[in-house]
Every structure is written in C-alpha cells, then in structure tokens.
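Novice: First the structure, then my questions, so here it is.
The values are calculated or read from the model by the stated rules, or taken from the named source; none is laboratory data. Values in this document were obtained by computation on a predicted structure and should not be read as measured data. Cβ placement follows ideal geometry from the backbone for every residue including glycine, while neighbour counts extend to all protein chains displayed. What goes into the accessible areas is simple: the full protein's heavy atoms, side chains included, and nothing from ligands, DNA or RNA. Shrake-Rupley method; radii C 1.70, N 1.55, O 1.52, S 1.80 Å.
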Amino acid sequence: MKGEHILVCLSSSFTNPRVIRLASDLAAAPQTEFTALYVEVPERRPMKDSESRRLTENMKLAEHLGARTETVYGSDIASRIAEYARMNAVTKVVIGQSAPSGHFHLSKGLLSDRLVAYLPDIDVVVIPDKGARPLREMPQSTARNSWIKDSLLALGILTGVTLCGMWLQQFNMHEANIITLYILAVLIISVVTSKWIYGVIASGASVIIFNYFFTEPIFSFHAYDPGYMLTFAVMFAAAFIAGLLASRLKDLAEQSAKHAYRMKILLEANQMLQQVHNQQEIMKETAGQLVKLTGRAVIIYPETDAGTPGEPQMYWPTDTPRPAEPGEEDKKAAALARETQEKAGAETDRYSGARYQYLAIRTRNGFYGVVGIDLGHDEVSSFAYSICLAILGECALALENEKSIREKEESDLLVKNEKLRSTLLRSISHDLRTPLTSISGNASNLLTNEAEMCEGERHRVYLDIYDDSMWLINMVENLLSITRIEEGRLNIDMKAEVVEDIVREAVQHVDRKISEHHLVLALGDDVQVVKADSRLIMQVIINLVNNAVKYTQKGSQITISSEETGSGMVRISVADDGPGISDEDKKHIFEMFYTAKRKIADDRRSIGLGLALCKSIAEAHGGTICVADNNPRGTVFSFTLPEEKVMLDV
C-alpha cells in the first residue's frame, strides 16, 4: 500500500520553522514521503539579506527533519503549489498563514482559500502565524543608501526628460511627443531602480512636471483647457501601467535567468551522471558540479557495499591551492552526518565549529555517503544551496540506479550459473549414461564370456571399451578446462611456438577413427611462429578435428591448414567436406551446451562443450574463432593466434 505524501510550504517567515516542525510530525508515520516546497516569484523588490538568511535556515531545517526540498518558479503561488501537488501525488499540504494584509489578499483572496479551491481532493492544513513579526526589516544604513541612490537616479532621469522636452518645444513639437518621453522615462525608472514604487511615484511626478512646464499657463499647476484633465489622467494611467509592467518584466527576466541557470546546471549534471557507470565516477562528477557551482572545496565520504565509510576524496577549484585536511571537528561532524543521515557541521547546531557542512547522499531506499561543502566564514546563498541539494538528489538517484543495475547483473549471473549448473547436470547425466552403460556391458561380457569369444570379438570389445573411456576422458578434460576459464583460474603459458609442431603433435592425439577419413596437412613451406600455450592450442585442434570426425561420413577429407593474415595474426583452419552446418546453427554453434541438429557418425551425442572451449581458448590468446561454409561443400572452422616475430641469427 502506498504511503502518504506530506508537502510543507517554505518561506522566509519567522514562524515558518514552526510550520515545518508540525509538518514533520505529520510525516513521522511509516512510508510517508516528506517534501518542502519553495515557490520563487518575481519579487517587486529584491529579497533582503535577513530574509534570504531565514529562508536558507528554513530550508536547512526541513532537510534536517528529513524533507526533500524543491524549488519552483511562478508568479501565482497558489497555482504553482497546486500544480506541484497534483503532479507528485501529494496527499496533504501544510502552510502557514498570517492575517491578510495588502492588496494581494484583497484582490486574490487568502492563499489557503485558493489552495482549497485548486485542490478539492487534497487536505490543506493551515497553521496560523499569530506571532509573526514584520519580515521586511532592513538595517537603517542599507535602506537609507538604497533609497538615496534610487531617488537620485529617478530625479536625474525626470530632469533629463524635462530638459529634452523643453528643447523639443522650441521646434513646436506636439505635446503628445513630450508625453511619450515621460512614459519612456517611467519605463526606464522602473527598470533601473530596485523597487516598483519608484515607477509609481515617477508616473505621478511626470503628470505634475508636464502640467507645470508644458501646459498653458506654463510654470503653474493650472490648465486653461479643460481637456487637459483627461490628458493628465490618461498620461498617468499609461505611465503607471507601463511602469508596473516594466518592473514586472524586469523581475520576470531575473527569475527566468535564475531558472535557466538552475536548469542548465541540473541538466548538465544529469547528462554527466548518465555517462558514468560506477560509484567512484558518479561521486567525482557530482563533486565537480558542486565545486563549479559554489567555487568551494568539496569532500566526499562514499559508503561501501559493506556498509562502512570509504576513503574520503577531496576536490577543490583548480585556481586555488589544495585546502587543508579536515580537522577533528570536521571528522566528528562527518561521522555524525553518516550515522544520522542528516546535516551536520558548519552553520548547524551540531559541531558548528567545523569548516565543512556535511550533507547525506541518500534516497528513501538507501544511503550512499556524505558530502562536505567548505563554508569557511561565508555562507552559501539560498539559491545556490537549493541547487546543491538538487544535484545531491540527482547523485543519489544515479547511485541508486547504478546499485540496482549492479544487483540485477549479479542476480542475472546467479540465475545464469544456476541454469548452467542445471543444464550441466542434466547433460552429463544423460550423455554419460550411454558410454558408461557400454563400458559396463562390455566389461561384464568379458567377465562371463571371455573364454567363448574368439580373438576378433575380444579385440572389438576392447576397442569399444577404449573408445568409450577416451570419450569420457576428453569430455571431462573439456569440462575442467572451460570451468577454469570461466572462473579465471586457467594459467596460460604464452611462448613462441612453431605452428607445424603444434599441429603434428595434436594429430597424434585425435580420435582413432581418423583412420576412417583422409587427413591432409596443408601448412606451407614457411615457418610460422605464434605466441601461444601449445598445450591449449593442441586441445583446440584436437576438438575441431574430432568434431569433424564425428559429424562427417566415412571417407571424408579433413584438411588442417595455416596462413598468415597480414595483420600480425596466423590463421589455423580445419576444413571438411561433410554435410555442413545450417545458417541457424552457425549463430549458436559456439555456445555452451549447444549441439547442432545433425546426425553424429558414431551415434553418440555431444555434450556441447568442445566448441565453447575452443572459443574461450582462442579469445584468451587474443584471437578469434569463426565457422564458414567450405567450397563446394562442408564446413571450415578457423581461429587466429598472434604471430611472433623471431630474429634468426645468420
């Protein structure tokens, strides 16, 4: 059964921590997802430093209490919260609410009322902010300096436009042109000043200045023409609306730039994380993104599969010297962050004397390590901090996916090994029965009837016992060899070997029924030297020749040849003129336990290990093996070995 999803709304309010803690209590139930959402809107003025600090602290508190913080953008807070809640299956929204004030509440209604209207199927829990203090305070010196700067700037623009209007008036320019100049001035003031109120004041001032300097009688606030009142009203309305729109567009542009930058960073991080395939590379790419974003040193303590902390890895900007190693306070903070999987270190109430702030890399299903960001004496902005948290979330998801893929591969390997074991037991139990029955039957026949048998009959029985026992020995040898290769325990002694010597030695150990076929050696006159383990290559040749003996009719020709490929390899081929192999069988002929659906000459089934072993040995030598049709009929098996250049003394 799917658990609940609690969403708490973040703000820079003094009482927002209380709202966050109450939401955390609601999310304490098992299998409950907890998300803290901040809606960044186009501000009519920049956020104060004190507000930014409070917002950052509230984000950190939500993270500390186990929430996943998210930031969205939009001018309508209620609609953005509702949209996020619907898209992420939120079951309960928790918000703080103070008494309504200002035109926003009067025009749009309370946030809680609008959320209820937007989300009729989701519970909306409202926490009253009765003790809320003013949120917009600013140090007097900072506020005064900002006010003086913006006021002088607006006054200068209006003065310049007035002088320009007086100059145009000398050329008998129509008053509409001068009115347009003042509307332009209001637009400029709205863009270059920090608060939207300067644009509103400039709108009223423009009407007054125009009336004083450009309407009859000039240099007075009276107007002879009654139509000027409508002109003034339209001018004020046009300037007021233009100023508000310009201010709004400026804020939207700033927010869009922030949003684009955030998306660029997250997209870049996501693309880089998708290109790496192990924990170390994922951690390295994540640290690189954090260093690039913050310009600070980053240290990562990865979590090993055994559940122990790995060796810390430190990263720092390339244009700065290597930072000092973390002290004891930092080590304790990192250990606490790992133990509790919550934030610790600098700017927290746990080991606040540490230089780094440590954050857990985790998802709801796993913990993957701790990352520390060097704060020093300067705190990261709330915007950069939210991006850092988002990058860590991407890192945790990438690590979770990597772990899932690794576990799936291990599971697939276990399934494959179990299937291999079952197939092996089934094949051995089936295919060993025939030669063992033959050996035991012939031995029993000799024990009971040897005296009555003639010499020819006894010789035939001896040969049958010998053939069956050699088949068993070869099968067991192939099985042991391929098992060693699969487990990586096969020792390969690579030496310079002459191809002709290997082939002639291998021919001495092939199936005795080779006498029923025509064996041809076409090795050429040149001495061909390869770098190989002669014992294993002999086994490949023996398997290929025995395979040809089994699957071809009596009297067929089996040819062993060798040639240099011209690319530093020597190709050895075993060809026959038998019935050949179908194209469908060629696709699977080198797979373990696969046997082509052809009649075997001696009516004994093959367990399907010989060709799989040949492929493994050839690839272990750095070569390849393939099968093709012989011309005009039959089959050719070819494998390559690296050529060894030998300097001969003259």
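Novice: Does R350 qualify as being in contact with a strand residue (DSSP E or B) (Cβ under 7 Å, 6 or more places away or on another chain), within 30 Å of E40 (Cα to Cα) and surrounded by fewer than 19 Cβ atoms within 10 Å (Cβ to Cβ)? Spell out how you get there, then give the answer.
Specialist: Details: in contact with a strand residue (DSSP E or B) (Cβ under 7 Å, 6 or more places away or on another chain): yes; within 30 Å of E40 (Cα to Cα): yes; surrounded by fewer than 19 Cβ atoms within 10 Å (Cβ to Cβ): yes.
So R350 passes the test.
Novice: Filter the range 333-350 for residues that are among the charged types (D, E, K, R), in contact with a Gly (Cβ under 9 Å, 6 or more places away or on another chain) and modelled with pLDDT of 85 or more and give the result. Steps first, please.
Specialist: Quick first cut of the range 333-350, residues among the charged types (D, E, K, R) only: 338-339, 342-343, 347, 349-350.
Next, only the ones that are in contact with a Gly (Cβ under 9 Å, 6 or more places away or on another chain) stay: 338, 342.
Correct list: R338 only.
Novice: Also, I was wondering about something else. Identify the residue in the range 90-100 that is out of contact with any Leu (no Cβ under 7 Å at 6 or more places or on another chain) and open to solvent by 50 Å² or more (accessible area, probe 1.4 Å) and, among all such residues, is modelled with the lowest pLDDT.
Specialist: If we filter the range 90-100 for residues that are out of contact with any Leu (no Cβ under 7 Å at 6 or more places or on another chain), which is where we start, we get 91, 96, 98-99.
Among the residues that remain, those that are also open to solvent by 50 Å² or more (accessible area, probe 1.4 Å) are: 91, 98-99.
Details: T91: 90, S98: 55, A99: 44.
Top of the filtered list is A99.
Novice: Provide a single number: the residues in the range 286-309 that are among the charged types (D, E, K, R) and closer than 19 Å to G366 by Cβ. If you could, list the steps in order and put the result at the bottom.
Specialist: Within the range 286-309, the first condition is being among the charged types (D, E, K, R), and the residues that meet it are 292, 296, 303, 305.
Next, only the ones that are closer than 19 Å to G366 by Cβ stay: 303, 305.
The number of residues fulfilling the criteria is 2.
Novice: With (1) open to solvent by 40 Å² or more (accessible area, probe 1.4 Å); (2) modelled with pLDDT of 85 or more as the list, and G578 as the residue in question, which single condition is left unmet?
Specialist: Result: G578 fails condition (1) only.
Novice: Hey, could you check the range 345-404 for residues that are among the polar types (S, T, N, Q) and within 28 Å of D305 (Cα to Cα) and say which is nearest to the chain's Cα centre (by Cα)?
Specialist: Here the residue is N401.
Novice: In the list V574, V540, V549, which residue meets the criterion of being assigned to a strand (DSSP E or B) and closer than 21 Å to T635 by Cβ? Give the steps one after another, and end with the answer.
Specialist: Working: V540 fails: assigned to a strand (DSSP E or B); V549 fails: assigned to a strand (DSSP E or B).
Every option except V574 fails the conditions.
Novice: Quick one: how many residues across the range 153-193 are buried (at least 17 other Cβ atoms within 10 Å of the Cβ) and either hydroxyl-bearing (S, T, Y) or in contact with a His (Cβ under 6 Å, 6 or more places away or on another chain) (or both)?
Specialist: Final tally of qualifying residues: 4.
Novice: Condition first: open to solvent by less than 80 Å² (accessible area, probe 1.4 Å), touching a helix residue (DSSP H, G or I) at 6+ places or on another chain (Cβ under 9 Å) and either assigned to a helix (DSSP H, G or I) or modelled with pLDDT under 70 (or both). Now tell me which residues in the range 259-280 satisfy that. Before the answer, list the steps.
Specialist: Pass one, the range 259-280, residues open to solvent by less than 80 Å² (accessible area, probe 1.4 Å): 259-260, 262, 265-266, 268-270, 272-273, 276, 278-279.
Applying the additional criterion that residues be touching a helix residue (DSSP H, G or I) at 6+ places or on another chain (Cβ under 9 Å) yields 262, 265-266, 268-270, 272-273, 276, 278-279.
R262, I265, L266, E268, A269, N270, M272, L273, Q279 - these are the residues of the range 259-280 that are open to solvent by less than 80 Å² (accessible area, probe 1.4 Å), touching a helix residue (DSSP H, G or I) at 6+ places or on another chain (Cβ under 9 Å) and either assigned to a helix (DSSP H, G or I) or modelled with pLDDT under 70 (or both).
Novice: For the range 310-334, enumerate the residues that are touching a residue at least 40 places away in the same chain (Cβ under 8 Å), under 16 Å from A360 (Cβ atoms) and over 22 Å from the mean Cα position of the chain (by Cα).
Specialist: Correct list: D330 only.
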